[in-house]
Amino acid sequence: MTGNAIKLESIMLRRLVPVILAAVLAACGRAEPDDGKVHVRYLASPDVGGFSKVIIDRFERANPGIKVDMIEGPSSGDARENMYSTAFMAKDDAYDLAYVDVAWLPKFAAQGWLRPLDDLLPPDKAAVFLPGDLEGSRYQGRLYRVPIQSDGGMLYYRKDLLAAKGIPVPRTWAELVAAARKTQTADITGFVFQGKQYEGLVCAVLEVVWGFGGDLLTPDGEVRIDRPEAVAALQALVDAIYKDKISPQAVLTYQEEEARNVFQEGRAVFMRNWPYAWNLMQKEGSPVRGKVGIVPMVSGPGGRSAATLGGWGFALSAYSRHPEEAYKLAEFFASVESQKLAFLQGGILPTRKALYADPAVLAAAPHMKDLGRVLATARPRPVHPRWPRMSDALQLHVSAALSRQETPEEALQAAAVEIRAAAAR
Ligand code: GLC
């Protein structure tokens, strides 16, 4: 069996495991602790920095009848998506809320796993949130998510290293390559990004594809990922590793945190990452504290700078026995106070428009205006109920190109075939 066939099998297995587990789960219900409180349960990523616990603590003090069970799951978003899918397929009430990535929402909503929120959050109340985050919370005209965290990918750079060589901040792919080549050393690599086979790879690649004037899937359903612009973009990323040698081959194993660690240790000039990395890099003791700048991702010939729109929010499980209490928690996390805390302590970008002009926030976080510029370039991944399947296909073939098992053209042609099939089903 070829490497790709094995990988494809493992992807199919990954998608099948939830189906099998769901059948097992369907038999069991959730046991409630006997403490007289209503328990609201959800699955989250590890609470790095501990700010979610602070918000939960405040919520529980304000709502003594409710206990929040935040289950800190694996840091891999793909794994958490599987865990939610498993429970929901079994119509299990394991989770009252789902903390969902913008990328999962169409699938979860199309499956009927989420309760529409239009009655609880009508348009006039929802208008306080950023339009992109609201858009990403809707499916077929209905609202399914309270936006909690906004997100957009961008380019981090070392101000000190560029200044030492008199190099301006790059705005095009060619300038990025040239600047990286001039500043990198034996110990400091040029450019790190998320190159592992997972959802984050698709986010990073899409920014380059859009930057080169390409696209993946147009809103009217045309698959364009095999067009020359997209092929040129993927070629640029492959060249970054093997020809320009500005990216180490190790990027093939990097998710967000691996890239951040290398950059934060002072071992890279440029990095593609999300806003959360900023705060961690400014912490006391961080070798790059005060030395980092951020700009929208560079563009290639014929394209425009673009950020992949990310973001997270609370959706209400259709199987929850405590929807009222669960929604209260979602609202609490979306409040001005909680969003301020999450941003100032955890670097989590707010979804409330007003916080981008809040004097206290601007004083505490001078980089907020740069973040605003990045978000202005944000573009969503295709809003499609079979996005996880499309993403799997793209991950598989882009990854094969980055490890030189397929040429960029072969990779994107193969991905396009699978994406067209998924779109047509
Ligand atoms: C960030 C984004 C999310 C994306 C993920 C990929 O968490 O907010 O939308 O899917 O990164 O790793």
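Quick check: from the Cα gyration tensor, does region 77-208 come out rounded (a/c under 1.5), prolate or oblate? Mind dumping the intermediate values first?
Numbers: a/c = 3.66, a/b = 2.14, b/c = 1.71.
Taking the square roots of the gyration eigenvalues as a ≥ b ≥ c, region 77-208 is prolate.
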Cα gyration tensor shape of region 271-314, rounded if a/c is under 1.5, else prolate or oblate by comparing a/b with b/c: oblate
Region 179-254 versus region 296-322: alpha-carbon centroid distance in Å: 18
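Just to confirm a number: summing +1 for Lys and Arg and -1 for Asp and Glu over residues other than Ala163 whose beta-carbon lies under 15 angstrom from that of Ala163, what do you get? Don't jump to the answer; show the numbers that get you there.
Details: positive: Arg158, Lys159, Lys165, Lys182, Lys291; negative: Asp160.
Surrounding charge for Ala163 is +4.
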Cβ-based net charge around Val102, under 13 Å, with every Lys or Arg adding one and every Asp or Glu removing one: -1
Cα-based equivalent ellipsoid of region 53-109: semi-axis lengths in Å, sorted from largest, via gyration tensor: 24, 13, 11
Label-point separation in nm, Thr185 to Val336, each point 7 Å along Cα→Cβ: 4.8
Two-decimal log10 I(q)/I(0) for region 97-137, as the Debye equation yields it once each C-alpha is a single scatterer, q = 0.20 Å⁻¹: -0.68
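Relative to the present Cα-Cα distance, how much length would full extension add between Ser76 and Ala174 at 0.36 nm per residue of separation?
Details: separation 98, 0.36 × 98 = 35.28 nm, distance 3.22 nm.
My answer for the length gained is 32.1 nm.
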Long-range tail of P(r) for region 212-321 (Cα pairs > 19 Å, %): 61
Global geometry of region 369-414, whether rounded, prolate or oblate, following the gyration tensor of its Cα atoms and the 1.5 cut on a/c: oblate
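Using a 1.4 angstrom probe with every protein chain in place, what is the largest-first accessible-area order of Lys291, Lys328, Lys369? Show your work: numbers first, answer last.
On the way: Lys291 70, Lys328 100, Lys369 125 Å².
Per-residue accessible area, sorted high to low, gives Lys369, Lys328, Lys291.
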Gaussian network model of the chain, springs between alpha carbon atoms under 10 Å - residue of Ala44, Ala109, Ala233 with greatest fluctuation: Ala44
Cα extents of region 158-214 along the three principal axes, largest first (Å): 35, 26, 15
Zone residues, region 388-423, relative to Glu258, backbone N less than 19 Å from point 7 Å out along Cα-to-Cβ: 392-406
log10 of Debye I(q)/I(0), alpha-carbon scatterers only, for region 146-258 at 0.10, 0.13, 0.14, 0.15 Å⁻¹: -0.34, -0.56, -0.65, -0.73
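Just flag the GluC sites (Glu not before Pro) in region 193-295 sitting in loop per DSSP whose Cβ has no more than 13 other Cβ atoms within 10 Å. Before the final figure, lay out the partial values.
Values: sites: Glu199, Glu207, Glu222, Glu229, Glu256, Glu257, Glu258, Glu265, Glu284; in loops: Glu222, Glu265, Glu284.
Answer in residue order: Glu222, Glu265, Glu284.
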Difference of contour (0.36 nm per residue) and Cα-Cα distance, Gln405 to Asp57: 120.3 nm
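Mean Kyte-Doolittle of at least 0.5 plus a Cα span of 30 Å or more along the axis: flag which DSSP H helices in the chain meet both, please. Provide the component values of the computation, followed by the final result.
Working: long enough: 3-25 (33 Å, 1.29).
Correct list, ordered by number: 3-25.
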Long-range HN-HN contacts of Phe270 with modeled amide H, under 5 Å: Phe191, Val192
Ellipticity estimate at 222 nm from DSSP helix runs (n ≥ 4, -39,500 (n - 2.57)) divided over the chain, nearest 500: -13500 deg cm²/dmol
Shape parameters for the chain, alpha-carbon atoms, Rg then Dmax in Å: 21.5, 66
Highest-fluctuation residue, Tyr254, Tyr157, Tyr242 considered, GNM on the chain with Cα pairs under 10 Å: Tyr242
Long-range amide H partners of Thr172 with built H, under 5 Å: Ser299
DSSP-loop trypsin sites (Lys or Arg not before Pro) across region 56-98, with at most 14 other Cβ within 10 angstrom: Lys91
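The values are calculated or read from the model by the stated rules, or taken from the named source; none is laboratory data. A quick note: this is a predicted structure, and the numbers were derived from the prediction, not measured. In this analysis, Cβ positions are derived from the backbone assuming ideal geometry, glycine residues included, and neighbour counts consider all displayed protein chains. What goes into the accessible areas is simple: the full protein's heavy atoms, side chains included, and nothing from ligands, DNA or RNA. Shrake-Rupley method; radii C 1.70, N 1.55, O 1.52, S 1.80 Å.
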